Amino acid sequence: MKKIELEIIAISHSITQTHSYAVVLGEVNGIRRLPIIIGGFEAQAIAVALEKMNPSRPLTHDLMKNFMTAFGIELHEIIINDLQEGVFYSKLVCSNENDTIEIDSRTSDAIAMAVRFGCPIYTLDTILESAGILFEETEESGKKKRKKKEPLPEEMRPAGHDDLKQMTLTELNNLLSEVLDSEDYIRAIAIRDEINSRNAEGKQ
């Protein structure tokens, strides 16, 4: 299967859900984004490494890196290699002087380790196709930009938690555009999953 390299675009805090975060991965030289829900601890661990902070005592992922380095183990890449019922699965591709092995990992932990080792992050094209969110590059600005859709009328905007099951596909796509504009990737994931579910049912 084709591997696609990703880069960390942002760590987003949910506007509507307390203590919820998403790490947003972007396709290198591409227009697709892959938002993944992570916990607050993992979000902090990734942010600390991205900002090159040096805590007075090593965090768990720092300890893991120090342990691997002490025993001559290199982390070459991480691969987000599976998606089941909305849960992403990953593996660490590691080696020492004698062998190369793949180790199962939570995706949030794998990303935190990748940032510390400076190694690439990959996913499979099939996963990006099914779970990615498409951005569009405009010729005028050369910047990657979302496709604009008409905003939902005020009376169609759900208050609080969205009753996504009651919305049409057009309404869901419009809502997804609005949510992405506010960078609430937690809600975007739920809306995207509902759209994908509807599309899958239509193909059966």
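Numerical summary
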{"read-out": "Flag for Gly142 being farther than 21 Å from Ile191 by Cα, small (Gly, Ala, Ser) and at pLDDT 90 or above", "value": "no"}
{"read-out": "Matching strands (runs of 3 or more DSSP E) fully within the stretch 27-139 where at least 1 residues are on the phi > 0 side of the Ramachandran plot and touching an Asp or Glu at 6+ places or on another chain (Cβ under 8 Å)", "value": "none"}
{"read-out": "Conditions (1) without any contact (Cβ under 8 Å) to a residue 40 or more places away in the chain; (2) farther than 29 Å from Glu194 by Cβ: number failed by Glu85", "value": "(2)"}
{"read-out": "Ile73 buried (at least 19 other Cβ atoms within 10 Å of the Cβ), assigned by TED's automatic domain parsing to the domain that holds Gln44 and either closer than 28 Å to Asn196 by Cβ or over 12 Å from the mean Cα position of the chain (by Cα) (or both)", "value": "no"}
{"read-out": "Selected residue (only one of Lys148, Lys165, Lys203 is modelled with pLDDT of 80 or more, out of contact with any Leu (no Cβ under 8 Å at 6 or more places or on another chain) and farther than 30 Å from Leu92 by Cα)", "value": "Lys165"}
{"read-out": "Residue list for the stretch 51-63, restricted to those being farther than 17 Å from Leu75 by Cα and surrounded by 14 or more Cβ atoms within 10 Å (Cβ to Cβ)", "value": "Leu59"}
{"read-out": "Subset of the stretch 109-134 [of a type in the set (Gly, Ala, Ser) and modelled with pLDDT under 95]", "value": "Ser130, Ala131, Gly132"}
{"read-out": "Residues that are of a type in the set (Lys, Arg) and at pLDDT 85 or above, drawn from the stretch 22-56", "value": "Arg32, Arg33"}
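The values are calculated or read from the model by the stated rules, or taken from the named source; none is laboratory data. Predicted, not measured: the structure shown is a model, and the values here were computed from it. Here Cβ is always computed from backbone atoms with ideal geometry, including for glycine, and neighbour counts include all displayed protein chains.
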